[in-house]
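Let me begin by presenting the structure, written as structure tokens, before commenting on it.
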Amino acid sequence: MKKFFVLGCPRSGTTMLQQALNRHSQIAIPPETKFFFSFLGMSKRAQKKHIIRLNNDLNINLEQPKARIVSDEDGRAFYEAMARQYVEGLGKNGVVWFGEKTPEHTGHLPRIRQLFPDAKLLFLYRDGRDVALSLTKTPWMPSDLSVCFMVWLYYQNIMLQLRTSGWTDLYFARYEDIVADPEKQFSAILSFLELPYEPDVALGYGNTEGVPLREYPWKGAALQKITAERVGLFRRELDLTQIALLERLGKHTLSAFGYPLVTDGSYPLSCRFLMTLSWKMARFLGGIPWDSLMHELLNRLAIVM
């Protein structure tokens, strides 16, 4: 099977995109595997624990390997076995593309390309003010709006680097464009994947394949009909001071992705605020496994070089 990866900052509509593409007769996208983020190259203990989660979420039966999976060859073989078992379990005949939707993989692109040089990379992006607001409502992120916005900036900077990297087989899709005209946008995405358009991709809804039950509380909206009702939600739920703060932090990045500012982007940032934000970011990063952070740092350096 061919491979493609759905990437982008969490809460940018990646689950919506996953569910829509899963309605195509030739595509299968499982629940997030986090294969490159928290499995490949990790400790034997971490890999053993992760395989248990994969088996439960994907309803497959991968055997525990005798040794750590570190090399490209072993990693590729394990991933292929995982994909094959998942698609066979679905009973979905005619699958041509196996998709992977794990937002955290956005920071692991060089390793992805190393294992799967022919894979296509599909990036989804969304207004950072809406993304930050949405992230504060998830159980796995801090409720601090500024920290969540900094996470969005991190992902967008990766995309900005890729725009001038010379990498091929990349596609950038804008959340706001998709929800405004799903048929047109999904037709273009499917063309990128060299697949015929199927109306149910844009118009269908209600399928739950690819979303574990425990994730319904924060992914449930992606199982519903595609609408534009959450575009610009920050305008209704944030006050002007909060908006001004975010636009000061990311005015250039927001503009680079075509999102107009509400304010002039010159809100003053005190030294106290910057120190507090730095401390909160350090605390947030401290909750991420150290080996995952190191792997991501090395991959980021590889993109730059």
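FYI, it's all coordinate maths here, none of it is from the lab. As the structure is a prediction and not an experimental result, all values here were calculated from the model. FYI the Cβ positions are ideal-geometry reconstructions off the backbone, even for glycines, and counts take in every protein chain you see.
A few remarks follow.
- Highest GNM mean-square fluctuation among 104, 183, 88, for the chain modelled with Cα contacts below 10 Å: 88.
- For the chain, calculated [θ]222 nm from helices alone, where every DSSP H run of n ≥ 4 adds -39500 (n - 2.57): -15500 deg cm²/dmol
- Phi-derived couplings, Karplus 6.51 cos²θ - 1.76 cosθ + 1.60 at θ = phi - 60°, listed residue by residue for the stretch 80-92: 4, 5, 4, 4, 4, 4, 5, 5, 4, x, 5, x, 9 Hz, with x used for Gly and Pro.
- Once the Cα atoms are used to define both axes, helix 44-58 deviates from the longest principal axis of the chain by about 80 degrees.
- Kirkwood Rh in Å, taken over all unlike Cα pairs in the stretch 86-149: 14.8 Å
- A simple count of charges around residue 231, restricted to other residues whose Cβ falls under 12 Å of its Cβ and scoring Lys, Arg +1 and Asp, Glu -1, yields +1.
- Restricting the stretch 97-192 to chymotrypsin sites (Phe, Trp or Tyr not before Pro) that sit in a DSSP loop and have at most 13 other Cβ atoms within 10 Å of their own Cβ leaves 140.
- Computed label-point distance, nm, for sites residue 118 and residue 255 using a 7 Å Cα→Cβ extension: 4.4 nm
- Exposure proxy for 276, 241: other Cβ atoms within 10 Å of each Cβ, ordered fewest to most, give 241, 276.
- Anchor residue 219: lysines whose Cα lies under 29 Å away (excluding residues fewer than 8 positions away in-chain): 2, 3, 34, 48, 49, 92, 101, 120, 137, 184, 251, 280
- Förster radius 51 Å - calculated FRET efficiency between residue 183 and residue 71, Cβ distance, rounded to 0.05: 0.75
- Filtered trypsin sites (Lys or Arg not before Pro), the stretch 148-253: DSSP coil and at most 14 other beta carbons within 10 Å: 225
- Over the stretch 41-141, relative contact order from alpha-carbon pairs under 8 Å, at least 6 apart, %: 23 percent
- GluC sites (Glu not before Pro) restricted to the stretch 189-257 and DSSP loop, no more than 12 other C-beta within 10 Å: 194, 229
- Taking every alpha-carbon pair under 8 Å whose residues sit at least 6 apart, the stretch 2-304 reaches a relative contact order of 26 percent.
- Stretch gain in nm, segment residue 248-residue 61, where the contour uses 0.36 nm per residue and the Cα spacing is subtracted: 62.4 nm
- With eigenvalues of the C-alpha gyration tensor scaled by 5 and rooted, the stretch 129-283, Å: 31, 20, 16
- The orientation-averaged projection of the convex hull spanning the C-alpha atoms of the stretch 209-251 amounts to 4.6 square nanometres.
- Ranking 146, 8, 43 by Cα position along the charge dipole of the chain, where only Lys, Arg, Asp and Glu carry charges on their C-beta atoms, puts 43 farthest toward the positive end.
- A simple rule links phi to the HN-Hα coupling: the Karplus curve 6.51 cos²θ - 1.76 cosθ + 1.60 with θ = phi - 60°, which for the stretch 193-210 gives 8, 6, 10, x, 6, 10, x, 5, 4, 8, 9, x, 5, x, 6, 10, 4, x Hz, with x for Gly and Pro.
- Its Cα centre serving as origin, the stretch 20-150 has a Cβ charge dipole (Lys and Arg +1, Asp and Glu -1) of approximately 240 debye.
- Using bins of 10 Å that start at zero, the share of Cα-Cα pairs per bin across the stretch 2-304 amounts to 6, 27, 35, 24, 7, 1, in whole %.
- Other residues with beta-carbon under 15 Å from the beta-carbon of residue 143 carry, at +1 per Lys or Arg and -1 per Asp or Glu, a net charge of +2.
- Put a plus charge on the Cβ of each Lys and Arg, a minus charge on the Cβ of each Asp and Glu, and nothing anywhere else: the dipole of the chain about its Cα centre is then about 800 debye.
- The alpha carbon centroids of the stretch 137-161 and the stretch 24-77 are separated by 26 Å.
- 10 Å beta-carbon shell around residue 152, net charge (K/R +1, D/E -1): +1
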